[in-house]
Amino acid sequence: MPLILEVALPVPLDAIFDYLPHPHTAHFRQALGCRVQVSFGQRKLIGVIVGHKQASDISPAKIKPIEHLLDLDPILDPGWLAKIRWCARYYHHPLGDTLFSCLPTLLKKGEPADALQDQIWFTTYLGQQIEAMPKTPAQWRLLQMLRQHPHGLEVSAISAQGFQSTQLHKLRDKGLIDYRQEPKLTAQVSGPLLAEAELVLTPEQTSAVQHIQQAQGFHVFLLEGVTGSGKTEVYLQALRPVLARGQQVLVLVPEISLTPQTLHRFRRRFACSLVALHSGLSERERLEAWLAAKRGAAAIVIGTRSAVFTPFANLGMVIIDEEQDASFKQMEGLRYHARDLALKYAQEAQVPVILGSATPSLESLRHALAQHYQHLQLTQRPQTNKPTPPPLQLLDIRSLKLQEGFSLPLLKRLDTHLQAGNQVLIFINRRGFAPALTCYTCGWLAECPQCDARMTWHKEPPRLHCHHCDTQQAVMLTCPHCQSEDLHPLGWGTQRSEAFLQQRYPEIPLVRLDRDAVSTHKRLQTSLQQIQQMQAGILLGTQMLAKGHHFPRVTLVAVLDADTGLYSSDFRALEHSGQLLTQVAGRAGRAHQAGEVILQTRHPDDTNLLELCQHGYSYFARRLLEEREQLSLPPYEYLAILHASGKTREQVHQVLTEMAAHLHPYIQATRGVEEADSLIQAQGLNAIGPFPAPMERRKNRYHMQFWLQAAQRAPLHETIAASLRYLRQHKQARTIRYAWDIDPWDTLG
Ligand SMILES: Nc1ncnc2c1ncn2[C@@H]1O[C@H](COP(=O)(O)OP(=O)(O)OP(=O)(O)O)[C@@H](O)[C@H]1O
Ligand SMILES: [Zn+2]
């Protein structure tokens, strides 16, 4: 019986495919984790060997041999493959697609998994002994330079000194020097690890660092530190011994390009090889970074969500900064949560994890309160007159006349802070000019033709834009309903506030930060620089401006509308809103001057808002946790949402209803009903739906949801697996799109 190779392919089918080994290559070479090229239908695909077996269900005559073996050494080791398998199982996503979502693009395309090599030139014994070369002074100078570098010098460093490669080769012909090949990204530079002095820690920071440094094996710390309390310094000092031991550190951050300061601080601190994985890299650079981590040459890997899939030779610690951040959750395709995967991987690697946040997620907070995680707290800001972040002040605007969204008392505070030469930060949660366009005569509203949503009015370039499906239209001059010319913006977006503020403060430079204003990496860097160098007095923007930044000269933070998020149907909306308001408020008074935070509201009596303002996020979050527990919502129960969409509402509804009926016995079984023959024993699996999604029509498709909620993970996952088995063989289900979202970040998408 021939050996059969099981190959994962980048196809959206939940299957692994059988192939025969390459006829002219030894079996042992066709190892797990090696890439192969195979023919799949009419196509040639690159796949990865994920298993070997003796027999296949398909008759041997029908199984094709692989066409090429692309790797002599596996690109993925068995441990890494096991992680990918776990991830695919947990998120109920096809293994092939999961595996290929995690690989650098160049590897998916079949590029060799070889690191770029550098020539390192060094002197031979003869080269060290020779005393003079009177006829070739340039070669002599080159030789003398190389003599000062006993470990050798890269070609780039040599040519930077003005030498030519012909000179190198002439010296080599004389037997005085030689070279070796080494990967471009190499491990630890010799010399001291610290490139700059460490800050003197506050007592709270000291205690946190000590606890972390004492940890052995897998141990999770929740570092809950108020905004500006110096969490980054804690990470830096906690990880130093890990690097000193020669181990690697993975640092996950929400968005590197947004907060280049954090990256600079890591780079400045350590004389070791650091790779940053972010959207600004070329595919080649990504591959180099991936390979460097895999062979242990990258001591620190800092990256956004997908960096969690980086393989490490010798991982020693994982740090997740702003662990509550939405960007860690991928919302489409493989809907994974990078924090949760990182925790799982750290557990396997038996290394400590630091989850850092000023506003921890309720998930992490619950674990900390239940002492599954060690809770470390920083309650004060170092080296400021006001060691705690400024309180949030509510400004009741119900009876106030607004000028383009700004009340008079707020404008007066702006005047005062600006006259004092400080920076003010204005937070508006909407980009564009106005969130809607309306007709004052008949009440018509510009709506997206494809979605149940309003079109946002943008002024530059002028257009109506649906932020859900990207549909764009020209701005009309008359109302399409009643032909009146009385069209007006409704509500405020960043562009509208910008126009107003520029008019009111013509002398004061303004920087606007939102996705339209800083669409490129370069523009973002320029804007951030302007802020740091005090070339801007007014900073205006969306979420982009709210988190992670350290702007020492900002003394006033104003939130134009604190009410968005207070009355959403999403059960996580309050948590997210509390986090966002606290984060944005945390940008005020971070250095020597005191800060002030003003939230405009039409609901000054709202108990949630009051509680957040009076007692702070930490208290607020603990109260939300109690509420979640009473309602059996995450993190007390587990939730999974099936998102389904189709061309008609009826189509989706029918498939999901039939599926729900099919799942009924499984769900009953969890409640202890006798007749259901299922293995599921746990109590209380709950099914809700199908029901229309909060935005039912999107991109001309009808969206529905079906929820499963459970106190235990096992019955939840078994039922999800049953639903997928059912849907895969259901004929009508082929006409709809569906995907499960496990541990959803919100219930809207
Ligand atoms: N022990 C210390 N002594 C002096 N300055 C410190 C100390 N620790 C941190 N700082 C400084 O305090 C400032 C704020 O620190 P950092 O940005 O790390 O705070 P953070 O907790 O990450 O804040 P946020 O959650 O708001 O992003 C930085 O400029 C940092 O250099
Ligand atoms: Zn739309």
FRET efficiency, 1/(1 + (r/R0)^6) with R0 22 Å, evaluated for residue 170 and residue 125 via beta carbons: 0.75
For the residue 442, residue 472 Cβ pair and Förster radius 35 Å, calculated FRET efficiency rounded to 0.05 is 0.90
Would you work out which of 552, 22, 143 lies farthest towards the positive end of the dipole of the chain? Charges go on Cβ: Lys and Arg +1, Asp and Glu -1. 143
Which value in Å does the Kirkwood hydrodynamic radius of region 4-108 take, with 1/r averaged over all unlike C-alpha pairs and then inverted? 13.8
Please list 365-372, 216-223, 727-734 highest first by mean number of surrounding beta-carbon atoms within 10 Å per residue. 216-223, 365-372, 727-734
Cα gyration tensor of region 489-551, axes a ≥ b ≥ c as square roots of the eigenvalues: rounded (a/c below 1.5), prolate (a/b > b/c) or oblate? oblate
For residue 693, enumerate residues with amide H under 5 Å from its amide H, sequence gap 5+ or separate chain, H modeled in the peptide plane. 703, 704, 705
Go through region 102-116 residue by residue and turn each phi into a ³J(HN,Hα) via Karplus (6.51, -1.76, 1.60, θ = phi - 60°); whole Hz please, and just put x for glycine and proline. 9, 8, x, 3, 5, 5, 5, 7, x, 4, x, 8, 10, 6, 4
Taking 0.36 nm per residue of sequence separation and subtracting the Cα-Cα distance, how much length would be gained by fully extending the chain between residue 508 and residue 611, in nm to one decimal? 33.5 nm
Loop trypsin sites (Lys or Arg not before Pro), region 530-608 (other Cβ atoms within 10 Å of the site Cβ: 16 or fewer; DSSP): 602
What relative contact order, as a whole-number percentage, does region 117-183 give when Cα pairs under 8 Å and 6 or more residues apart are counted? 57
With a 10 Å radius around each residue's Cβ, average the other Cβ atoms per peptide and rank 146-159, 608-621, 450-463, highest first. 608-621, 450-463, 146-159
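Which translational diffusion coefficient, to the nearest whole µm²/s, is obtained for region 203-378 from the Stokes-Einstein equation, given a Kirkwood hydrodynamic radius over C-alpha pairs, 37 °C and 0.692 mPa s?
Estimated diffusion coefficient is 204 µm²/s.
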Calculated from backbone phi, Karplus (6.51, -1.76, 1.60) coupling profile of region 147-153 in Hz, x at Gly/Pro: 4, 6, 10, x, 8, x, 9
If you build the Cα gyration tensor of region 439-549 and take the root of 5 times each eigenvalue, what three semi-axes come out, in whole angstrom, biggest first? 31, 17, 10
Amide H proximity to residue 68 below 5 Å, modelled H, separation 5+ or other chain, gives 37
Going residue by residue through region 388-393, the Karplus relation 6.51 cos²θ - 1.76 cosθ + 1.60 with θ = phi - 60° gives ³J(HN,Hα) values, rounded to whole Hz and with x marking Gly or Pro, of 10, x, x, x, 8, 9
What Cys residues in the chain have no fellow cysteine's beta-carbon under 4.7 angstrom? 34, 87, 102, 272, 469, 613
Given backbone amide H placed at 1.01 Å from N, residues whose amide H is under 5 Å from that of residue 431, ignoring those fewer than 5 places away on the same chain, are 494
Report the equivalent ellipsoid semi-axes for the chain in whole Å, largest first, defined as the square roots of five times the eigenvalues of the gyration tensor built from alpha carbon atoms. 46, 40, 27
If the viscosity is 0.692 mPa s and the temperature 37 °C, what Stokes-Einstein diffusion coefficient in µm²/s follows for region 117-183 when Rh is the Kirkwood radius over Cα pairs? 280
Kindly provide the trypsin sites (Lys or Arg not before Pro) of region 13-110 that DSSP labels as loop, not H, G, I, E or B, and whose Cβ sees at most 11 other Cβ atoms within 10 Å. 109
Over region 638-742 - Rg/Rh using Cα atoms and the Kirkwood inverse-distance radius: 0.99
Please report the spacing between the Cα centers of region 229-282 and region 424-483 in Å, no decimals. 41
Extension length gain for residue 411 and residue 180 (0.36 nm per residue less Cα distance), in nm, is 76.5 nm
What FRET efficiency, computed as 1/(1 + (r/R0)^6) with R0 = 22 Å and r the Cβ-Cβ distance, is obtained for residue 55 and residue 82, rounded to the nearest 0.05? 0.40
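No lab work stands behind these numbers, since they all come straight from the coordinates. If you're wondering where the values come from, they're calculated on a predicted model, not measured in any experiment. Note: ideal-geometry Cβ built from the backbone for every residue, glycine included; neighbour counts use all protein chains shown.
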